[in-house]
Amino acid sequence: MTERLYYTDAYLTEFDATILRVESHDGRSTAILDRTAFYPTSGGQPFDTGRLGSARVVEVVDGDDDVVRHVIEGELETGRAHGKIDWNRRFEHMQQHTGQHVLSAAFDRLVGARTESFHLGSVSSTIDLNRTVSAAEIERAENEANRVVWEDREVTVRFASAEEAAGLPLRKESVRSGTLRLIEIPGFDISACGGTHVASTGAIGNIAVASSERFRGGTRVEFVCGVRALSAYRTLRDAMAASVRLVSVLPSDLPAGIERLQGDARDSKRQIKDLQARLAGFEGAALADRAEVFGNAQAVVAAVEGSDQAGLKALAATITARGGHVAVLFSTSGPSAAVVARAADLTLDCAALLKKLIERFGGKGGGRPDLAQGGGLQGTPDEIVAFARDQLLRQ
């Protein structure tokens, strides 16, 4: 059993302990101490990192045997050692975790939405509420949570038996037995929790809801606190400044400016599509004029530079609009796209011809007797065209 120093002092950054043993756990080297200030992953909060003697602590694991295992990089031996926590990482987690308590309590007290679970990620954190909440309810809870933060209320830690805790107004009933560790914000929230927390709500800085979405019949709320809120603001500020420069509008006019650009882009896309269709008509007619005779058909077998499958299909439509014509077209860039099409007055099986091409050059595709298309053909344009000519002669 490891004595957990962070239970009573979350601000302890350095400590001395005895390394009881160093062993392999899941293929990694781990150190087991008699006491530790390193927090293991638990209750939605990630582990601490830092140094233990000459080794780096890269992960901390809480075992079922109530033993904390420190995953290390480096060599350690049993005996006395000095541990040092990565304080920036720890404090950031303390801000987020305490902020979660305040925000969850605000949702519970103001709109009756209970927190079912909590996750502290590397960039933001989430709480999952047991019912859907509106944007207005989220704003109310966010305002209330920040009011408590700015009042700089004390955050206290105390211990109570399960029987004593049963008589307290816990926000959520604890499933643990024995002695419970309680985190209390007087007059606002009391919860059983084993995580690390700031000493007063003012150290949270602020709480900002970043987004929300429906999740498993309730609402998942994403939020950031303190240093993460500042980082998120800087990212948003820089993105806004760059966008304003690109669109040449005031920040308040950015949504309308983007909407205008999207409209212009749609108009341009339609114009381009119309011009491409007209160009395909001219190119298709030019190709049809150079068609070769294959039995009772006039066929265009060619690799067309600069055309994708959609472009090939448009060219094939122009060619096969002429009676008695067949189009077997490929893209020049590999792996090649392919389109096989015929006029309505012919009986060539386009799907069968494409199948032969795929059997020879790989790729995939399919279609009907009058039109087939595919892609992924591996071979040079000359090889593919020569093979297609041979198959047309056979048919």
message: Compute, for segment 1-126, the length of the dipole vector about the Cα centre, with Cβ point charges of +1 (Lys, Arg) and -1 (Asp, Glu) only. Units Debye, rounded to 20.
response: 360
field: Calculated FRET efficiency for the pair GLU259/ALA352, C-beta based, R₀ 35 Å, to 0.05
entry: 0.10
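How high is the relative contact order of segment 190-292, in percent, counting Cα pairs under 8 Å that sit 6 or more residues apart?
13
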message: Amide H of SER333 versus every other amide H placed in the peptide plane: which residues, excluding those fewer than 5 positions away on the same chain, fall under 5 Å?
response: GLY306
message: Take the chain, mark every one of the GluC sites (Glu not before Pro) that falls in a DSSP loop and has at most 14 other Cβ within 10 Å, then report the longest stretch left between them, sites excluded.
response: 174-304
task: Quick one: compute the contact order of the chain, relative version, from alpha carbon pairs under 8 angstrom and 6+ residues apart, as a percent.
output: 10
- prompt: Assigning unit charges at the beta carbon (Lys, Arg +1; Asp, Glu -1) and nothing else, what dipole magnitude in debye, to the nearest 20, does the chain show about its Cα centre?
  reply: 1280
Using θ = phi - 60° and Karplus 6.51 cos²θ - 1.76 cosθ + 1.60, couplings along segment 43-53 (whole Hz; Gly, Pro as x): x, x, 9, x, 6, 7, 10, x, 10, 9, x
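Find the Cα radius of gyration of segment 284-394, compare it with 2.2 N^0.38 Å by division, and give the number to two decimals.
That ratio works out to 0.92.
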query: What whole number of Å gives the distance from the Cα centroid of segment 264-333 to the Cα centroid of segment 164-202?
result: 72
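Values quoted throughout were computed directly from the atomic coordinates according to the rules given, and no laboratory measurement underlies them. What you see is a predicted model; the values in this text were computed from it and never measured. Cβ: placed from backbone, ideal geometry, glycine included. Neighbour counts: every protein chain shown.
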